[in-house]
Structure formats: structure tokens, C-alpha cells
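Report on the following structure.
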Amino acid sequence: MLRRAILVLLVLGLIGLAAFWVITRPTQLTPDAIAGLTPDPVRGEYVFRAAGCASCHAAKDATGADLLKLGGGKAFPSEFGTFYAPNISPDPVHGIGNWTAIDLVNALQNGVGPDGTHLYPALPYGAYAKMTLQDVVSLRAYLATLPAVDTPSKPQDVSFPFSIRRALGGWKFLFLQRDFVIQDVPPEAETGRYIAEALAHCGECHTARNALGGLKTGQWLGGAPNPTGKGTIPNITPGKLDWSEADLVTFFQSGFTPEFDTAGGTMAEVVENLSTLPEADLVSLARYLKSVPAVTD
Amino acid sequence: MRLTKTTMIAAMIGAITAGATLAETPHEMRSAMMKAQGKQLGILGAMVQGKAPYDAAAASAAATELDKLANADWMPAFPADSLDGKRAMPEIASNMDDFMAKYEALGAATTALVAVAGTDLDALKAAFGPVGAACGACHKSYRAPE
């Protein structure tokens, strides 16, 4: 009887282990996935700005031309530990100069480094997974034009069990979503949805997370505690934000709220990025915000 | 002599009363002062954004008022021990030189604004941008969300 029970447990354990192994196995695309795509560095620059790569990978407080020096080092405190943005400049030793386009696709869309290890979702691949392959290929071409920086990347400072990268496979299995969160939007909001959900990752800051760090997509953009300190990142759904479309566009372009307050904290960086986009795209972004389901608190 | 004494006492009472109205928390002082700036900036911003017609006298008046607020002494509202609970970030205390530089940058921008606000709309527009940028630069580094 006991032997039988032990045997059952053993078998169950093995199945569990096998499941863990399968679930946590990094998925990588091979180069044929992007064969035939021609990189467009001009589009790549747009993607770079809208996606806010410099906000994380340039030095803290960098402005102007220094925003193009992606030597990393900026710290991102979270409840799981402190993450440091690595060097993603074209430096072949310390940066990603030797990466191919498919390596970048795998990092940004599958959260997997070229050596097959999982990357932490501090790199917002939950959003970037929704990018088109064409955009990633164009981004790769643009990144290659930026100055090389020879600062070594800092190791991540996260606590057990989050320090086990393999376990991130489980996180992805649970939370990595390639479909848009808001499925039904009017056609004029589709560009805006792509900017918000795939590039500018509004949800990473404005949506609350569960205990495992997955976004509560049922409360999409409904506000969240500020991970870098005090206060609450605001609810920007129509349940709370009553700004007109024109107010929103003005805010994206200048950082001015309707009360003539100016955007602060990390939103100031987002505005710096958004303000470089064409007005028509920002109008579409405003439309998108107006069409997400209202979250009331 | 007697009169001087009375005047002195009156002045003292005045000071105490003034003190009482200022006996708000530093956060409340900051909030009131910031909102007052936002109000003046709003008058100018409406003209800049074409939501209100350009009015040279009103623009001059708002710029002058904003400049007074921006160049007032802010330090009483930012004592080091008040920078932990609300939106003013504790980093202000550890980067006081930079914080002061950002405060002075705003003061310089509003003074430049006063000089041209009454000239014409184009001059106002040109001087308005740097003021907004100066507000934003400080909020970016030193203000947490609500």
C-alpha cells in the first residue's frame, strides 16, 4: 500500500518535473522567421522612440545626444529585487554589437537571450511581444547606427527564488500574451493601440500586478502602485480620466495637463518619447485611451 | 515713543497672524504655491494654445504674477524633514544643488517671459516653452505621483 503510494507520488513528481521542464523551456525563433524582411532604419527610429528603449538603457538623467548612448546601468527597484538595464549599444564586447536581428527578436518578443537564458520581464517583452517582426528588424538596423559604449553591464540583484532564471519560463507560460489586451477598438484607434500596447507599454506602469508580477489585464490601465516609490500611477481609463481627446494630445505633445500642471516622474520620459511622434498617431492613441473599458476605483 | 511701541506691537501681532496663516504643513505650502503657478501658467497657456484670444495686458499681468511666485523663496516650504510622506521626493534633500538649479532655471525662464509677454503672441509663445520645460524638468526628477 505504502509502496504503491510512494510510486504514485514518484510518477506524479516526474510528470511535474517534465511539465516544469517543458513549460520553462525557452522558446526561440530561427532566422527563417524573418527571412525576406527588409530593415527600414527610419521606421526603426520611430519604434525606438515610441518603445522608450532609451528611457531605460541610457544613463540616468541623460538628455539630448546622450539618450542615444545605450550603455545601461540605470536601476529599477521592484519587490523582487533591483534590476539593472544592460548595455545594448553596438559595442561588440559589452553591448549587443554581435547580435543578429533574430537575437533581438528573441530578446524582445520571447524574453530569451542568444545563449538561451530567460530574461526578466523588467525588459517589457510582454508588450514588445505584440510588435510586428518587421518593426523589430527595422529597430535592429537603427540600433546599429548608434554610438558604441564600452561600459560592462551590471549583474541583476534579485532574491531567491526569482534569481532562478529558468523559473521565468513559468512566468511567461502564465502571463506572456501575444494578443492585444483590448480586442475591440474602432479602426481609428488601431495605430494608437499598437503604440500603447506593443511599443510604449503604458500597461507596464498604469496596470496593477498580481502577487507573481503578472499584469491584471482585467483592470487594464486602471492605475497601480508606483514601483519606484510612493504614490499611485493614475488610472487613465474613462472610469477616472475625463480629459478630452484634444487634452490628451496636448499632454502627449507637451506634458501639460488641462490644469497646466506638467507631467512628472517617469511619465515625463514617456512624454519626451511620445512628443516626437506624428500628431495623427497621437490622436489615434487618445482614441484608444477613450475606448478602453472604464475601470472605477 | 508710545506710538512706536504700539506700532511695534501691531507689527508683531501682524507677524504672528501671518505666521498662523503660514502654519500649514510644508506640503500644503508647496501645494498652494504650485497651484498658484499653475493658475497663472494656465492663463498664458490658453493664449498660447489658441483657446483664448491674445490679450497683452492680461498676459503681462499673469507673467508678472508667475514670476513673483517662481522667484519667491521656496526653501521654507522644503525643509528636509518634510520630504518623505507626500509627492515631494526625498531625493530633493540629497540633491539640493541640483534642485536649486532647477528652481533657479524656472526663475530665469519666468523673468524672460515677463519681458516679452506683452509684446505679441509670437514672443509669448517663444518664451512660454522654456517655462513649461522648467516646471517639467523638476517634476521629472523630484515629484512622485499622487
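Exactly one of these conditions fails for A:Asp61: (1) within 21 Å of A:Leu139 (Cβ to Cβ); (2) open to solvent by 30 Å² or more (accessible area, probe 1.4 Å). Give me its number.
(1)
Need the failing condition index for A:Asn235 against (1) more than 30 Å from A:Ala35 (Cβ to Cβ); (2) assigned to a helix (DSSP H, G or I); (3) not small (Gly, Ala, Ser), just the number.
Exception for A:Asn235: condition (2).
Quick check on B:Asp73: is it within 11 Å of chain A (Cβ to nearest Cβ), under 20 Å from B:Glu28 (Cβ atoms), in a loop (DSSP other than H, G, I, E, B) and not small (Gly, Ala, Ser)?
Answer is no for this residue.
All but one of (1) surrounded by fewer than 19 Cβ atoms within 10 Å (Cβ to Cβ); (2) within 14 Å of chain B (Cβ to nearest Cβ); (3) part of a helix (DSSP H, G or I); (4) not β-branched (Val, Ile, Thr) hold for A:Asp281; which doesn't?
(2)
Pick out the one residue from B:Gly136, B:Gly132, B:Gly107 that is within 20 Å of B:Ala61 (Cα to Cα), within 8 Å of chain A (Cβ to nearest Cβ) and small (Gly, Ala, Ser).
B:Gly132
Determine which member of the set A:Thr237, A:Thr207, A:Thr276 is of a type in the set (Val, Ile, Thr) and either free of Cβ contacts under 8 Å to residues at least 12 places away in the same chain or closer than 18 Å to A:Lys130 by Cα (or both).
A:Thr207
Consider A:Ser244 carefully, then state whether it is more than 27 Å from B:Cys135 (Cα to Cα) and small (Gly, Ala, Ser).
Answer is no for this residue.
As an exercise: evaluate B:Asp81 against (1) away from every other protein chain (no Cβ under 13 Å); (2) within 15 Å of B:Met34 (Cβ to Cβ); (3) open to solvent by 40 Å² or more (accessible area, probe 1.4 Å) and give the number of the one condition it does not meet.
(2) is the only condition that B:Asp81 fails.
Restricting attention to segment A:35-78, report how many residues are charged (D, E, K, R) and closer than 22 Å to A:Gln156 by Cα.
Looking only at that region, the number is 4.
Of the conditions (1) part of a loop (DSSP other than H, G, I, E, B); (2) over 20 Å from A:Thr24 (Cα atoms), A:Gln177 satisfies every one except a single condition; which number is it?
Answer for A:Gln177: the failing condition is (2).
Check A:Gly223, A:Gly229, A:Gly218 and return the single one that is more than 14 Å from every other protein chain (Cβ to nearest Cβ), open to solvent by 10 Å² or more (accessible area, probe 1.4 Å) and farther than 21 Å from A:Ala50 by Cβ.
It is A:Gly218.
If you scan segment A:36-58, which residues turn out to be open to solvent by 50 Å² or more (accessible area, probe 1.4 Å) and modelled with pLDDT of 95 or more?
Of everything in segment A:36-58, those that are open to solvent by 50 Å² or more (accessible area, probe 1.4 Å) and modelled with pLDDT of 95 or more turn out to be A:Leu37, A:Thr38, A:Pro39, A:Asp40, A:Pro41, A:Val42, A:Arg43, A:Glu45, A:Arg49.
Restricting to segment A:25-46, name every residue that is of a type outside the set (S, T, N, Q) and over 25 Å from A:Asp115 (Cβ atoms).
Selection gives A:Gly36, A:Asp40, A:Pro41, A:Val42, A:Arg43, A:Glu45, A:Tyr46.
Here are some conditions: (1) at pLDDT 95 or above; (2) under 21 Å from A:Ala122 (Cα atoms); (3) at the interface with chain B (Cβ under 7 Å from one of its Cβ atoms); (4) buried (at least 20 other Cβ atoms within 10 Å of the Cβ). A:Met267 meets all but one. Which one does it not meet?
(3)
Could you go through segment B:115-134 and let me know if any residue there is closer than 24 Å to A:Pro234 by Cβ, of a type in the set (A, V, I, L, M, F, W, C) and open to solvent by 30 Å² or more (accessible area, probe 1.4 Å).
yes
Quick one: what pairs do we get from segment B:38-66, first residue away from chain A (no Cβ under 12 Å) and within 13 Å of B:Thr110 (Cβ to Cβ), second of a type in the set (Val, Ile, Thr) and open to solvent by 20 Å² or more (accessible area, probe 1.4 Å), C-beta under 7 Å, 6+ apart or different chains?
Close Cβ pairs satisfying both conditions: B:Ala63/B:Val114; B:Thr64/B:Val114.
Would you point out the residue of segment A:86-137, among those that are in a loop (DSSP other than H, G, I, E, B) and among the charged types (D, E, K, R), that is surrounded by the fewest Cβ atoms within 10 Å (Cβ to Cβ)?
Among residues in segment A:86-137 that are in a loop (DSSP other than H, G, I, E, B) and among the charged types (D, E, K, R), the one surrounded by the fewest Cβ atoms within 10 Å (Cβ to Cβ) is A:Asp115.
Kindly provide the set of residues from segment A:97-152 that are at positive phi and modelled with pLDDT of 95 or more, ordered by number.
A:Gly111
Residue-by-condition table, conditions (1) touching a residue at least 24 places away in the same chain (Cβ under 8 Å); (2) more than 28 Å from A:Asn273 (Cα to Cα); (3) among the β-branched types (Val, Ile, Thr):
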{"position": "A:Val149", "(1), (2), (3)": "yes, no, yes"}
{"position": "A:Pro161", "(1), (2), (3)": "no, yes, no"}
{"position": "A:Leu176", "(1), (2), (3)": "yes, no, no"}
{"position": "A:Ala198", "(1), (2), (3)": "yes, no, no"}
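The values are calculated or read from the model by the stated rules, or taken from the named source; none is laboratory data. No experiment lies behind these values; they were computed from the predicted model shown. Virtual Cβ from ideal backbone geometry, glycine too; neighbours counted across all protein chains shown. Accessible surface is based on the protein model in full, side chains and every heavy atom, while ligands, DNA and RNA are left aside. Shrake-Rupley method; radii C 1.70, N 1.55, O 1.52, S 1.80 Å.
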